[in-house]
Amino acid sequence: MEHITIDDFAKVKIQVGHILGAEIIEGSDKLIKLSVDFGEEAPRQVLSGIRAYVSLDELVGRKYLFVTNLKPRTMMGMESQAMILGAGGGDEPFAIFAPTNESVDPGAVIR
């Protein structure tokens, strides 16, 4: 395992995001397009390869943790502006990380 410093970790911005909408991306077996409120002027578009693990109903209206300062990435001609945090997948159980306190506002920074 490669170790990083606390300064390296401090560069990663993890925020609470409230999922406003979710839709299946035509032509992809894995991707879902999310509209996510981070307490900014407009929601961000986030693409995630979690289609096999969650239903759209499990996502919409709930809050999850996202890395929000990654360089935007284009997939299937669409830009993803953050990354949802999760663990598992494949043959393992899958979980998306959510704040334990639902009253946390969208955009709250995890420290």
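The values are calculated or read from the model by the stated rules, or taken from the named source; none is laboratory data. None of the values given here were measured: they were computed from a predicted structure. When we count neighbours, we look across all protein chains shown, and the Cβ atoms used for this are built from the backbone with ideal geometry, even at glycine. Calculation scope for accessible area: heavy atoms of the full protein, side chains included, ligands and nucleic acids excluded. Shrake-Rupley method; radii C 1.70, N 1.55, O 1.52, S 1.80 Å.
Any residue at all in segment 84-97 that's surrounded by fewer than 11 Cβ atoms within 10 Å (Cβ to Cβ) and either on the phi > 0 side of the Ramachandran plot or touching a residue at least 60 places away in the same chain (Cβ under 8 Å) (or both)? Within segment 84-97 (the criterion being surrounded by fewer than 11 Cβ atoms within 10 Å (Cβ to Cβ) and either on the phi > 0 side of the Ramachandran plot or touching a residue at least 60 places away in the same chain (Cβ under 8 Å) (or both)), the answer is yes, since at least one residue qualifies. Selection of segment 53-80 for residues being touching a residue at least 24 places away in the same chain (Cβ under 8 Å), open to solvent by 60 Å² or more (accessible area, probe 1.4 Å) and in a loop (DSSP other than H, G, I, E, B) yields TYR53, VAL60, ARG62, ASN69, MET76. The set of residues from segment 3-26 being of a type in the set (D, E, K, R) and either under 26 Å from VAL104 (Cα atoms) or in contact with a Lys or Arg (Cβ under 9 Å, 6 or more places away or on another chain) (or both) comprises ASP7, ASP8, LYS11, LYS13, GLU23. Taking the criterion of being part of a strand (DSSP E or B) and either hydrophobic (A, V, I, L, M, F, W, C) or touching a strand residue (DSSP E or B) at 6+ places or on another chain (Cβ under 6 Å) (or both), the residues of segment 81-96 that qualify are MET83, ILE84, GLY86, ALA87, GLY88, PHE94, ALA95, ILE96. Under the condition of being in a strand (DSSP E or B) and either open to solvent by 40 Å² or more (accessible area, probe 1.4 Å) or of a type in the set (A, V, I, L, M) (or both), the residues counted in segment 36-52 number 6.
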